[in-house]
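Read through the structure below, which is laid out as structure tokens, and then see the notes.
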Amino acid sequence: MAWGGGDHTRSDGMGRRRPHQEQTYGQPGERRRRNSLPELSGDEEYWTLVGCLLSFFSRILCLAPDMTSSRFINTFMTTMAALVRRIINTTSAPAAIGPYSQAVVVDRTMYISGQLGMDPASGQLVEGGVQAQTKQALVNMGEILKAATCSYDNVVKTTVLLADMNDFTKVNDVYKQFFSSSFPARAAYQVAALPRGGLVEIEAVAGVGPSDRRLLMGP
């Protein structure tokens, strides 16, 4: 019997040999390798890789319990944290004016930096007072959400910083236009001052993935 390269043959049990047939898929004439994988989108490929690596390291811990020292575990957790940390950046929202990112995704949670009422093109605060700045800040937040394939429905908590708490009602009037039902959790504070002399700043936390607020409203 031959071992090595060349055409492989299989015996049919009667001493005769017939060529190995490659299995076909789909329409006649189409062929695909048995072990070929379907094409994945960018997000699917990212999370598939993360899942494979988690499974790999889990197997290491099971097969080699002596490696579960504090040093190994710390290294493992640091590595996994780096794997699932993703920076969100879009030119449709104002560029960062300090050493921070527009948003960071860790696992399935996105943390959005505080947004001022700044025009993305000019980098200047919009005119029109606190309501105009509130609207622009929330529009900027929407662009960052969109860059992560999310929407306002994904937001689970916001924090509103005001230069003057007397503007709270005016901010709410605009805020309700963006979060119309099943509002996210929120905190609001008056601060001594905001960057660039802004009147309002809004930060948010959002869940990454499909979201339907109707499921959260209850009966």
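The values are calculated or read from the model by the stated rules, or taken from the named source; none is laboratory data. Everything numeric here is computed off the predicted structure, so don't read it as measured data. Cβ atoms come from the backbone with ideal geometry, glycine included; neighbour counts cover every protein chain shown.
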- Message: Restricting to region 185-208, name every residue that is more than 19 Å from Gln136 (Cα to Cα) and outside any strand (DSSP E or B).
- Response: Val191, Ala192, Val208
- Single unsatisfied condition, Ala204 versus (1) more than 21 Å from Asn89 (Cα to Cα); (2) of a type outside the set (D, E, K, R); (3) touching a helix residue (DSSP H, G or I) at 6+ places or on another chain (Cβ under 7 Å): (1)
- Note on the structure: Among Ser122, Ser180, the single one that is closer than 19 Å to Pro210 by Cα, out of contact with any helix residue (DSSP H, G or I) (no Cβ under 8 Å at 6 or more places or on another chain), without any contact (Cβ under 8 Å) to a residue 12 or more places away in the chain and not in a helix (DSSP H, G or I) is Ser180
- Task: Would you be able to tell me the number of residues in region 82-105 that are loosely packed, with under 12 Cβ neighbours inside 10 Å, among the small types (Gly, Ala, Ser) and within 17 Å of the chain's Cα centre (by Cα)?
- Result: 1
- Task: Find the residue count for region 106-125, including only residues that are aliphatic (A, V, I, L, M), surrounded by fewer than 19 Cβ atoms within 10 Å (Cβ to Cβ) and under 14 Å from Ala147 (Cα atoms).
- Result: 0
- Query: Within region 147-165, how many residues turn out to be surrounded by 15 or more Cβ atoms within 10 Å (Cβ to Cβ) and assigned to a helix (DSSP H, G or I)?
  - Reply: 4
- Pick from region 197-219, criterion at pLDDT below 95 and either among the basic types (Lys, Arg) or within 18 Å of Ser101 (Cβ to Cβ) (or both), ranking: surrounded by the fewest Cβ atoms within 10 Å (Cβ to Cβ): Arg214
- Based on what the data block shows, is Val130 under 30 Å from Gly51 (Cβ atoms), in contact (Cβ under 8 Å) with a residue 12 or more places away in the chain and buried (at least 17 other Cβ atoms within 10 Å of the Cβ)? no
- Task: Could you please find all residues in region 123-176 being on the phi > 0 side of the Ramachandran plot and polar (S, T, N, Q)?
- Result: Thr149
- Within region 138-154, can one find any residue that is among the hydroxyl-bearing types (Ser, Thr, Tyr) and under 13 Å from Glu201 (Cα atoms)? no
